[in-house]
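The values are calculated or read from the model by the stated rules, or taken from the named source; none is laboratory data. Just so it is clear, the structure is predicted and the values come from calculations on it, not from any experiment. Neighbour counts run over all protein chains shown; Cβ positions are idealised from the backbone, glycine included.
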Amino acid sequence: MTYLLLALTPPIIVAAWFYKNDKNPEPMLHTIKAILSGALVCLPVLLIAGLFLAPLLLLSPMLGGILQNNSLVSGFIFAFFLAAIPEEFFKFVFLRRYINSEEADEPYDFIFYGAMISIGFAAIENVMYVYQFGLEVGIARAFTAVPMHAICGAMLGYGLLKRGKQTLAKGYYTWDTMKGALVLPITIHGLYNWPVLAFDHNNAGDFIKILSIIFWIGVLIYLVIKFKKILAEVKTMTAI
């Protein structure tokens, strides 16, 4: 029970923060549905990334040795192709229902529902990590990974907001829409994961570990600055 509380409390706090900052709060039932939909994102991500792509990469004669011996290449591939790209893409897929709903009638709603979808995913991921790695990891993720997921989800919603609701209603899965919505969150998410995975690699030397820490801190700082700018911009918008 302690582990479960530790895993779920940070996502709840982050969700409450986004809800509190909504001048016209979304219906609670609709908000909860968005969070639960985000939790379902774990299923296709685990199926495609965990059960298909990961074994394919590790068993590849060409890539297998590189992934085992090169911390930077291994970290990059796993950070982007097994985490950032599939996770953000399926958040994008599940977010469509809420962006096109009647409840999404204000600019802030776009980043709100993007964050809620991501928080649902982060909650399930957090439970898995806490039960596997313990309390220390849960405490660390409360201040890093959970907010990162929520902010990337907000960035995803922001990218959709820039396209406009009428455009999204006509063509959600167009290249322009996907590019505009996914490039920023995938990039931030991948760059967040890359130094962490490189640091944890068996063959990471001291220089790589130091560089990874510095780079990771830089990504976190940029994440916060960019998110503040997005919030400030969205607050000045009057229509979608």
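Can you name the residue in the stretch 46-94 that is surrounded by fewer than 20 Cβ atoms within 10 Å (Cβ to Cβ), over 26 Å from Phe121 (Cβ atoms) and not hydrophobic (A, V, I, L, M, F, W, C) and, of all such residues, is modelled with the lowest pLDDT?
Ranking the candidates gives Pro61 first.
Is there a residue being of a type in the set (Phe, Trp, Tyr), crowded, with 17+ Cβ neighbours inside 10 Å and more than 20 Å from Lys235 (Cβ to Cβ) anywhere in the stretch 116-128? Walk me through how you get there before you give the answer.
Quick first cut of the stretch 116-128, residues of a type in the set (Phe, Trp, Tyr) only: 121.
Narrowing further to those that are crowded, with 17+ Cβ neighbours inside 10 Å: 121.
Next, from what is left, pick out any that are more than 20 Å from Lys235 (Cβ to Cβ): 121.
So far as the stretch 116-128 goes, yes, one or more of its residues are of a type in the set (Phe, Trp, Tyr), crowded, with 17+ Cβ neighbours inside 10 Å and more than 20 Å from Lys235 (Cβ to Cβ).
Of the residues that make up the stretch 217-237, is at least one at pLDDT 95 or above, among the small types (Gly, Ala, Ser), under 18 Å from Ile85 (Cα atoms) and outside any loop (DSSP other than H, G, I, E, B)?
No, the conditions are met nowhere in the stretch 217-237.
Can you name the condition, by its number, that Gln166 falls short on among (1) without any contact (Cβ under 8 Å) to a residue 40 or more places away in the chain; (2) touching a helix residue (DSSP H, G or I) at 6+ places or on another chain (Cβ under 6 Å)?
Status for Gln166: all satisfied but (2).
For the stretch 99-131, enumerate the residues that are under 21 Å from Phe227 (Cα atoms) and of a type in the set (Ser, Thr, Tyr).
Once the filter is applied, which keeps residues that are under 21 Å from Phe227 (Cα atoms) and of a type in the set (Ser, Thr, Tyr), the stretch 99-131 yields Tyr108, Tyr113, Ser118.
Just wondering, is there one or more residues in the stretch 121-137 that are over 13 Å from the mean Cα position of the chain (by Cα) and among the hydroxyl-bearing types (Ser, Thr, Tyr)?
First, pick out the residues of the stretch 121-137 that are over 13 Å from the mean Cα position of the chain (by Cα): 127-137.
Narrowing the set further to residues that are among the hydroxyl-bearing types (Ser, Thr, Tyr) leaves 129, 131.
Yes; the residues of the stretch 121-137 include at least one that is over 13 Å from the mean Cα position of the chain (by Cα) and among the hydroxyl-bearing types (Ser, Thr, Tyr).
Considering only residues that are loosely packed, with under 13 Cβ neighbours inside 10 Å and of a type in the set (Asp, Glu), which ones fall in the stretch 184-237?
Listed by number, the list holds a single entry, Asp206.
I'm told Asp105 meets every condition in (1) assigned to a helix (DSSP H, G or I); (2) of a type in the set (Asp, Glu); (3) over 24 Å from Ser71 (Cβ atoms) except one. Can you identify the failing condition by its number?
(1)
Looking at the stretch 183-197, is at least one residue in a loop (DSSP other than H, G, I, E, B) and either touching a Ser or Thr at 6+ places or on another chain (Cβ under 6 Å) or farther than 30 Å from Met1 by Cα (or both)?
Step one: of the stretch 183-197, the residues in a loop (DSSP other than H, G, I, E, B) are none.
No, because not a single residue in the stretch 183-197 is in a loop (DSSP other than H, G, I, E, B) and either touching a Ser or Thr at 6+ places or on another chain (Cβ under 6 Å) or farther than 30 Å from Met1 by Cα (or both).
Just checking, does the stretch 130-138 include any residue being among the aliphatic types (A, V, I, L, M), in contact (Cβ under 8 Å) with a residue 24 or more places away in the chain and within 13 Å of Ser37 (Cβ to Cβ)? Break it down stepwise before answering.
We begin by selecting, within the stretch 130-138, every residue among the aliphatic types (A, V, I, L, M); these are 130, 135, 137.
Okay, now just the ones that are also in contact (Cβ under 8 Å) with a residue 24 or more places away in the chain, so 130, 135.
With within 13 Å of Ser37 (Cβ to Cβ) added as a condition, the list becomes none.
No, every residue in the stretch 130-138 fails to be among the aliphatic types (A, V, I, L, M), in contact (Cβ under 8 Å) with a residue 24 or more places away in the chain and within 13 Å of Ser37 (Cβ to Cβ).
Restricting to the stretch 136-178, count the residues that are assigned to a helix (DSSP H, G or I) and loosely packed, with under 12 Cβ neighbours inside 10 Å.
To start, the set of residues in the stretch 136-178 that are assigned to a helix (DSSP H, G or I) comprises 136-143, 145-163, 165-170, 175-178.
Applying the additional criterion that residues be loosely packed, with under 12 Cβ neighbours inside 10 Å yields 136, 143, 166, 169-170, 175-176.
Number of matching residues: 7.
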